[in-house]
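The values are calculated or read from the model by the stated rules, or taken from the named source; none is laboratory data. The structure presented is a predicted model; accordingly, all values stated were derived computationally and were not measured. Every residue, glycine among them, receives a Cβ derived from its backbone with ideal geometry; neighbour counts consider all protein chains shown. Accessible surface areas use protein heavy atoms only, side chains included; no ligands, DNA or RNA. Shrake-Rupley method; radii C 1.70, N 1.55, O 1.52, S 1.80 Å.
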Amino acid sequence: MKKILSLTALAVGTLTITSCSDFLDQTSPSEMNSNVVYNSPYYTGLRVNKLYAGMVDGDRTYDQDISVYWGTCTDVETRGNALGADAYNGTNSSGACNYNAAPTYADLANTWDDMYAIIEDANLIIEGIRGSSLLGGDNDATMKRYLGEALTIRAMIYFDMLRYWGDIPLKLESSKPDLSNAYVGKTDRDEIMDTLMVNLEEAIDYLPWAGEVSEYTTERVTKGFAHGLLAQIAMTRAGWVIREKDKSADGYETASYSDPTYPTQRPDANTRHALYEKALEHLSAIITNPTHSLNPSFANEWRLINLFQLDETYRENIFEIPMGMASSGDAGELGYRVGLRLNAVTSTYGYTTSSNYYTVTAPYLYSFDPKDTRRDITCATIQVNAKTPGGSAIEEMISNNPFSINIGKWDPRIMSENSAWHAQNMATNTKLNTGINVVKMRYSQVLLYYAEVLNELAGSPDASYPGDAGITARQALMQVHTRAFNAEDQAGAQAYVNGISAGDFFDALVQENAWELAGENFRKWDLIRWNLLAQKIMEAKQTYLQQLQDGTYKKTVYYNYLIDADGNKTTQIDRSSVTWYEDPEDAANKKYDGNVKSYGNNTDVTDVSNRDVYERLPSIASGLVGSNVPPLIMDGTEPVVINRYLMPLATTTIAASNGTLSNSYGYIN
């Protein structure tokens with residue numbers, strides 16, 4: 001029955017989890033009559049809480065698939081431990097991450113069902129509140145806050161779904177008992193986004209800023225997130241997307257790199273201009289309000305995330321989905337499936353973490369200024385082993401897979417400073433989900449978006465525009481870039497930003513996006529709306545081959561361990577000692593503590609046994625530009641579609657749709 005109700009789950013069952021916030025530890029009043037629920041602020045609040053619970057109910061939404069798997073495969077991010085033959089398997093996450101998903105991939109249907117279940121629940125809440133007798137009375141503000149939350153969460157879910165599937169059913173009413181309105185065909189994504197922006201304009205009026213009402217922390221959607229989400233939707237609406245139908249008759253522009261049947265198009269210049277103005281309005285609202293700002297330390301920003309602590313000082317994370325720390329199978333998996341790797345059970349940290357599902361690459365590592373503190377936080381080139389079986393921990397450099405550098409933003413060494421998580425990880429002997437919150441929007445992201453739209457509207461990174469936030473595009477970029485550098489390196493960081501020409505400013509923003517946001521499930525969607533996804537992936541592959549041959553990568557890298565205050569050698573690697581950029585003339589006499597084969601160990605690009613060149617590299621994004629490999633060619637007649645980053649509808653979803661849904665983009669039903 002679940003598949004039949006996939007668009008319209010009629011109720012959401014009880015879910016109890018442990019979270020950073022107590023508000024999730026409550027039972028839904030779904031068994032109560034709606035007249036009772038929505039004429040009580042208390043019960044309405046419990047009902048809204050269920051929307052958050054739905055985001056962590058199983059692996060198919062934000063605790064695993066959306067936060068870990070499906071944002072992969074850009075110019076800097078890969079599914080590192082599943083390259084080669086596994087990358088072509090369309091029935092698992094490895095193939096899906098490399099744009100080879102098949103309609104028979106079961107998790108597609110499960111994610112679809114679970115996301116639409118949240119939407120159905122939001123529809124019920126929106127209708128219930130709009131019909132409540134409490135509106136206009138003493139509880140009007142409280143009920144409207146709840147309405148704003150439901151509208152915003154529904155918009156977020158729809159927006160995430162259309163980014164994965166393109167045109168999808170838009171259903172803004174709850175299902176009737178006879179299911180007469182349950183089967184809905186696809187709606188053009190532009191219409192969906194236009195509707196979502198109208199909904200968010202309403203929600204913004206109702207929602208408080210984070211901290212303005214005591215229970216509205218950054219673990220709830222607030223005014224800042226609604227502003228940011230609306231801007232994000234407006235920028236996506238203005239950008240390039242693959243279309244099911246040609247819209248050039250409506251003034252849409254077609255990209256030079258485009259499939260003839262499913263064209264890549266964007267709106268006309270006037271429409272884009274209006275959408276950028278809308279985005280600027282809402283981004284400026286965030287920047288001019290004191291609620292959110294940059295944490296002065298990039299390292300501290302991620303330290304707090306790993307400690308399961310909300311930043312109540314800067315609130316750089318505008319919205320974090322509260323996942324719930326590791327007390328149930330539904331806790332989030334950031335830090336387990338992605339993060340700095342515990343490679344062995346140790347008496348220091350406990351059970352192993354990080355399955356290496358989501359990684360970055362050697363060209364990305366070498367793209368950083370060596371003084372950029374983001375490099376060693378994002379690129380986890382070290383792993384933790386045991387000095388003896390089950391003994392204390394020691395750090396070692398990871399060996400030479402150039403496409404499988406773990407993402408260190410999630411770090412179990414820091415997580416272990418949280419006594420509750422450490423106790424659980426010491427006690428377990430199997431996989432333990434972490435429950436680290438999924439960050440849906442950061443203030444640094446807002447600044448980069450602002451710089452982009454203001455530069456577009458003003459025609460210069462140094463010009464103003466009506467409705468801006470009182471800072472230029474260059475000044476916004478300056479805040480993000482210089483934050484990543486220590487005090488003694490600020491002059492160089494400032495000189496870099498000041499030296500960017502007007503003609504190169506957009507390209508600089510594209511690069512800053514990579515340095516700042518890699519691994520956070522953001523970059524893929526920006527590259528798509530810029531129509532740079534395929535281009536940037538190809539450039540990254542060419543960069544790897546060039547660097548492999550020009551001496552950028554060393555055959556061996558050497559490193560030392562830190563020395564403590566008493567002059568004793570520790571078991572933590574001194575990251576500043578790693579010889580990424582030089583070959584020591586006499587490594588032995590320099591008395592390095594350790595070494596490992598690095599990315600330049602085999603530079604022969606004619607050696608067909610070189611797996612990095614002849615197996616792993618071609619498999620990255622292998623389904624994106626019309627690959628003729630299984631499982632896409634099922635009967636020899638399936639059309640090859642270039643630039644196909646969208647997912648197919650699952651076979652079971654189509655079968656359950658009562659004839660209203662079918663696949664596009666060359667996928668077979």
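The residues on offer are R79, R60, and the sole one that is within 16 Å of the chain's Cα centre (by Cα), open to solvent by 20 Å² or more (accessible area, probe 1.4 Å) and closer than 30 Å to Y364 by Cβ is R60.
When the range 487-520 is filtered for residues that are closer than 30 Å to I321 by Cβ, of a type in the set (A, V, I, L, M, F, W, C) and assigned to a helix (DSSP H, G or I), the ones remaining, listed by number, are L509, V510, A514, W515, L517. Against the list (1) part of a loop (DSSP other than H, G, I, E, B); (2) open to solvent by less than 30 Å² (accessible area, probe 1.4 Å); (3) at pLDDT 95 or above, the condition M156 fails is (1).
Taken as a whole, the condition of being closer than 30 Å to T217 by Cα, open to solvent by 20 Å² or more (accessible area, probe 1.4 Å) and under 27 Å from the mean Cα position of the chain (by Cα) applies to N418. I'd like the full set of residues that are open to solvent by 70 Å² or more (accessible area, probe 1.4 Å) and under 28 Å from the mean Cα position of the chain (by Cα), limited to the range 257-275. Correct list: Y257, H273. So which residues in the range 398-415 are open to solvent by less than 10 Å² (accessible area, probe 1.4 Å) and outside any loop (DSSP other than H, G, I, E, B)? Passing the criteria: I405, N406, I407, P412, M415.
Just so you know, in the range 174-228 the residues that are among the acidic types (D, E) and open to solvent by less than 30 Å² (accessible area, probe 1.4 Å) include one that is farthest from R163 (Cα to Cα), and it is E219. Among the conditions (1) at pLDDT 90 or above; (2) part of a loop (DSSP other than H, G, I, E, B), the only one that T637 does not satisfy is (1). For the range 350-383, the set of residues classified as part of a loop (DSSP other than H, G, I, E, B), open to solvent by 30 Å² or more (accessible area, probe 1.4 Å) and either of a type in the set (D, E) or over 20 Å from G71 (Cα atoms) (or both) consists of Y351, T352, D369, P370, K371, T373, listed by residue number. Please enumerate the residues belonging to the range 70-98 that are hydroxyl-bearing (S, T, Y), in a helix (DSSP H, G or I) and in contact with a Phe, Trp or Tyr (Cβ under 7 Å, 6 or more places away or on another chain). Correct list: S93 only.
The lone criterion from (1) without any contact (Cβ under 8 Å) to a residue 40 or more places away in the chain; (2) assigned to a loop (DSSP other than H, G, I, E, B); (3) not charged (D, E, K, R) left unmet by A423 is number (2).
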